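S.K.: Mind looking over this structure? Questions follow.
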């Protein structure tokens, strides 16, 4: 009897040891996001639970890092040889780390599965012929108009606006008839506006944005500015999203070309204006690319153990699957998935009269396949170059410099730096 008790005890110890070993053998998968806490706590808790249930050999750990500290902490983790397995990057930062050689090219890892993603989203994440991230959620502008101000100006608020030229023409009419500025473009992102209008920034390593066509674009903004058609609050700021909403919600701006989330603020802060709001897709430029695109992706770090790397790719596919992308879009209420099937879901199709919030989502989805992230990558000192360009454009738009002279000055500065 005593011998049996010893055998049972030994067996118990053996089972404990085996369980401990199995636990130790779990693949620990750490993934980093950029400033998504606490709003998306429930989404990621659910995603973690679902993935671990499907993959009991994996332990997923979510780490959220505030944007201002993101690169500092990521660089430290890479230097220590302990990078996160999966990293949430926007396009400029993805390009930066792809250039550093810290990211795994993913072409071979997904193969034919590429077809599930939108071609433009894949193009955003492809550098020098290699794919460095799997597309996740995207943003897009819609054109929100104050129907009451349009009617006061003798305009039809239900008529879609086809081009930037048309936006500026309407803005001038509205200003002349109502005294209210028509538009607040984001001229602090003039590089993206130029690209969206099919006007190149750099060719063969040299700045080329001082052509007659580029100068004509700046003169159009200058003409609208002189007419008072452009609101002047943060006109040349890198981000004037909040000022656009504030002006629109107070009846001091007739059109707001910005993210669909803006209508949520209008509903809560300006109910009368919300009721009068009509939403259209933002005008496509001659490139047929809609403004406001800003794609986020999932990238896999280099230097991981083979099993961890394989699992990181698998988890990236899970997070960017149709079901997960659709679920995330429903949580945000105003971002768009980057897979074909998710974007075809009924959530993005008008099913009722709805209001401006629903209409923003529906109108944005209509042009979501035309999204590109129009931003400058692959050149040194991007911030300095962009500041110089914006400063010169500001001088031209406000009448302090001739448009051609301003662009010539900016090109000279860029080419000196690009040497």
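Taken together, the values in this text are just the output of simple stated rules run on the coordinates, not laboratory data. The structure presented is a predicted model; accordingly, all values stated were derived computationally and were not measured. All Cβ positions, glycine included, derive from the backbone under ideal geometry; neighbour counts span all protein chains shown.
S.K.: Based only on other Cβ atoms within 10 Å, what is the fewest-to-most ordering of 31, 70?
M.R.: The order, fewest Cβ neighbours first, is 70, 31.
S.K.: Could you sort the peptides 306-319, 378-391 by per-residue average Cβ neighbour count (10 Å cutoff), highest mean leading?
M.R.: Ranked by mean Cβ neighbours within 10 Å, highest first: 306-319, 378-391.
S.K.: For the residues 128, 280, what sequence is obtained by ranking on other C-beta atoms within 10 Å, fewest first? List each step's numbers first, then the result.
M.R.: Values: 128 10, 280 21.
If I rank by nearby Cβ atoms, fewest first, I get 128, 280.
S.K.: If you fit an axis through the alpha-carbon atoms of helix 91-100 and take the longest principal axis of the Cα set of the chain, what angle between them do you get, 0 to 90°, nearest 10?
M.R.: Relative to the chain, helix 91-100 is tipped by roughly 60 degrees.
S.K.: A further question on this structure: Which of 192, 364, 101 moves most in a GNM of the chain, Cα contacts under 10 Å?
M.R.: Its mean-square fluctuation being the largest, the pick is 101.
S.K.: Relative to the compact globular guide of 2.2 N^0.38 Å, what is the alpha carbon radius of gyration of the stretch 263-416, as a ratio?
M.R.: In units of the globular-protein estimate, the stretch 263-416 measures up at 1.42.
S.K.: Here is a further query. Ranked highest first by average number of other Cβ atoms within 10 Å, how do 151-163, 135-147 line up?
M.R.: So the peptides 151-163, 135-147, ranked by packing, come out 135-147, 151-163.
S.K.: Tell me the volume per residue, in Å³, of the convex hull enclosing the alpha carbons of the stretch 188-299.
M.R.: That works out to 144 Å³ per residue.
S.K.: Where the convex hull is taken over the Cα atoms of the stretch 99-215, what is its projected area averaged over directions, in nm²?
M.R.: 11.0
S.K.: For the stretch 218-282, what are Rg and Dmax over the alpha carbons, in angstrom?
M.R.: Rg and Dmax of the stretch 218-282, Cα atoms, are 12.5, 37 Å.
S.K.: Using only DSSP helix segments of four residues or longer, with each worth -39500 (n - 2.57), what per-residue ellipticity at 222 nm results for the chain after dividing by its residue count and rounding to 500?
M.R.: -15000 deg cm²/dmol
S.K.: Which value, to two decimals, describes the C-alpha radius of gyration of the stretch 40-100 once divided by 2.2 N^0.38 Å?
M.R.: Here the Cα radius of gyration is 1.31 times the empirical estimate.
S.K.: Something else: Over all distinct Cα pairs, what is the inverse of the mean 1/r for the stretch 207-248, reported as the Kirkwood hydrodynamic radius in Å?
M.R.: Every distinct Cα pair counted, the radius reaches 11.9 Å.
S.K.: Expected output is a single nm value to one decimal: the length gained when fully extending between residue 115 and residue 208, i.e. 0.36 nm times separation in residues minus the C-alpha distance. What is it?
M.R.: Details: separation 93, 0.36 × 93 = 33.48 nm, distance 3.49 nm.
Contour length minus Cα-Cα distance gives 30.0 nm.
S.K.: Please work out how much length the chain gains when fully extended from residue 382 to residue 159, using 0.36 nm per residue of separation minus the C-alpha to C-alpha distance, in nm with one decimal.
M.R.: Answer, rounded to one decimal: 76.4 nm.
S.K.: Oh, and also: What is the Cα coordinate range of the stretch 159-253 on the first, second and third principal axes, sorted by size from largest, in whole angstrom?
M.R.: 46, 25, 24
S.K.: Taking 0.36 nm per residue of sequence separation and subtracting the Cα-Cα distance, how much length would be gained by fully extending the chain between residue 323 and residue 67, in nm to one decimal?
M.R.: 89.5 nm
S.K.: Taking Cα atoms, how many degrees apart are the long axis of helix 212-226 and the longest axis of the chain, rounded to 10 and kept between 0 and 90?
M.R.: 70
S.K.: Starting from the Cα coordinates of the chain, work out the convex hull volume and express it per residue in Å³.
M.R.: Working: hull volume 70.3 nm³, N = 419.
Looking at the chain, the number lands at 168 Å³ per residue.
S.K.: Out of all DSSP beta bridges with both ends in the chain, state the antiparallel percent to the nearest 5.
M.R.: Values: 24 of 36 bridges.
Looking only at bridges with both residues in the chain, the antiparallel portion is about 65 percent.
S.K.: Continuing with this model, one more query. Using the beta-carbon distance between residue 265 and residue 237 and R0 = 30 Å, what value does 1/(1 + (r/R0)^6) give for FRET efficiency, to the nearest 0.05?
M.R.: In this case the efficiency is close to 0.95.
S.K.: To continue, here is another question. Hey, what's the Kirkwood Rh for the stretch 263-354 if you take every pair of different alpha carbons, in angstrom? List each step's numbers first, then the result.
M.R.: Details: mean 1/r = 0.0605 Å⁻¹.
Evaluated over the stretch 263-354, this radius sits at 16.5 Å.
S.K.: Right, something else. Counting pairs of alpha carbon atoms under 8 Å apart in space and at least six apart in sequence, what relative contact order in percent does the stretch 320-405 give?
M.R.: After rounding, I find 17 percent.
S.K.: What percentage of all Cα-Cα pairs in the stretch 84-128 are separated by more than 16 Å?
M.R.: In whole percent, the long-distance tail amounts to 41.
S.K.: For helix 41-54, what angle does its Cα long axis make with the longest principal axis of the chain, in degrees from 0 to 90 and rounded to 10?
M.R.: 40
S.K.: Assuming R0 = 25 Å, can you tell me the calculated FRET efficiency for the pair residue 53 and residue 82, based on Cβ-Cβ distance, to the nearest 0.05?
M.R.: For R0 = 25 Å, the calculated efficiency reads 0.40.
S.K.: On to the next question. What list do you get for 414, 62 if you sort them by fewest beta carbons within 10 Å?
M.R.: Listing 414, 62 from fewest to most nearby Cβ atoms yields 62, 414.
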